[in-house]
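What follows is one structure encoded as structure tokens, with my remarks underneath.
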């Protein structure tokens, strides 16, 4: 009996530590993505890079996914899991709509860029930001996957999937920026990269909205896992 009580206490202590780590990772995700988003949008606008600006917009919207992890734990501990889940459903639907709106805006800007044959003066900022993002997001993705499986939390696992989506977007931005840097004659490269970002962002938005509207919605950003 004492052994069982000891094991239960150890399990609770272990879970508490994992939850605290999940909360820490969420705050790190929020702070990093806000900085990345603001810098990317500012540089994208100043340099005329639709791909970089679209990438920055995606970073800001993905902040909401990390906030939902924090919100869910707060709801479960303070107001009950059902209320927390209802709030997550509404927040998830709103974020999905924002993703679709961002995809539409990025698509329009890319089409205009191609029609006017405009391009950024340099894509060096895109190369730097994408490289940094790949490093940070890979760490966050692996850490969230590990904690999500240990806690058996679908919310954290779906949030990890959003980090994985950010890694894919970073590779698209990185590749497009590299190509234009070494082959400036390919003036359409930045717009093409932005169009690829539009596909990823739009697909992610549609999956988030679809997940939020399901009757068996279990929380999280709605990304596939």
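So the values come out like this:
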| item | result |
| --- | --- |
| Boolean, residue 203 is within 22 Å of residue 108 (Cβ to Cβ), free of Cβ contacts under 8 Å to residues at least 60 places away in the same chain and surrounded by fewer than 18 Cβ atoms within 10 Å (Cβ to Cβ) | yes |
| Every pair of residues 6+ apart whose Cβ atoms lie under 9 Å, when the first sits in region 129-141 and is closer than 12 Å to residue 168 by Cα while the second is at pLDDT 90 or above and assigned to a helix (DSSP H, G or I) | 133/32; 133/36; 133/40; 137/32 |
| Tally, over region 157-172, of residues that are over 9 Å from the mean Cα position of the chain (by Cα), buried (at least 24 other Cβ atoms within 10 Å of the Cβ) and farther than 16 Å from residue 202 by Cα | 1 |
| Answer from 23, 61, 34, 41 - the residue that is closer than 24 Å to residue 204 by Cα, at pLDDT below 80 and under 20 Å from the mean Cα position of the chain (by Cα) | 61 |
| Criterion violated by residue 121 - all others in (1) in contact with a helix residue (DSSP H, G or I) (Cβ under 9 Å, 6 or more places away or on another chain); (2) part of a helix (DSSP H, G or I) satisfied | (2) |
| Any hit, region 91-112, residues being loosely packed, with under 14 Cβ neighbours inside 10 Å, assigned to a helix (DSSP H, G or I), at pLDDT 85 or above and more than 18 Å from the chain's Cα centre (by Cα) | no |
| Those residues of region 133-156 which are modelled with pLDDT of 80 or more and exposed (fewer than 14 other Cβ atoms within 10 Å of the Cβ), in sequence order | 135, 139, 142, 149 |
| Odd one out for residue 51, checked against (1) on the phi < 0 side of the Ramachandran plot; (2) modelled with pLDDT under 75 | (2) |
| Which numbered condition residue 108 misses (of (1) over 21 Å from residue 29 (Cα atoms); (2) in contact (Cβ under 8 Å) with a residue 24 or more places away in the chain; (3) out of contact with any helix residue (DSSP H, G or I) (no Cβ under 7 Å at 6 or more places or on another chain)) | (2) |
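The values are calculated or read from the model by the stated rules, or taken from the named source; none is laboratory data. Fair warning: this is a prediction, and the values are worked out from it, not measured in the lab. Counting neighbours? That spans all protein chains shown, and the Cβs are built from the backbone with ideal geometry, glycine included.
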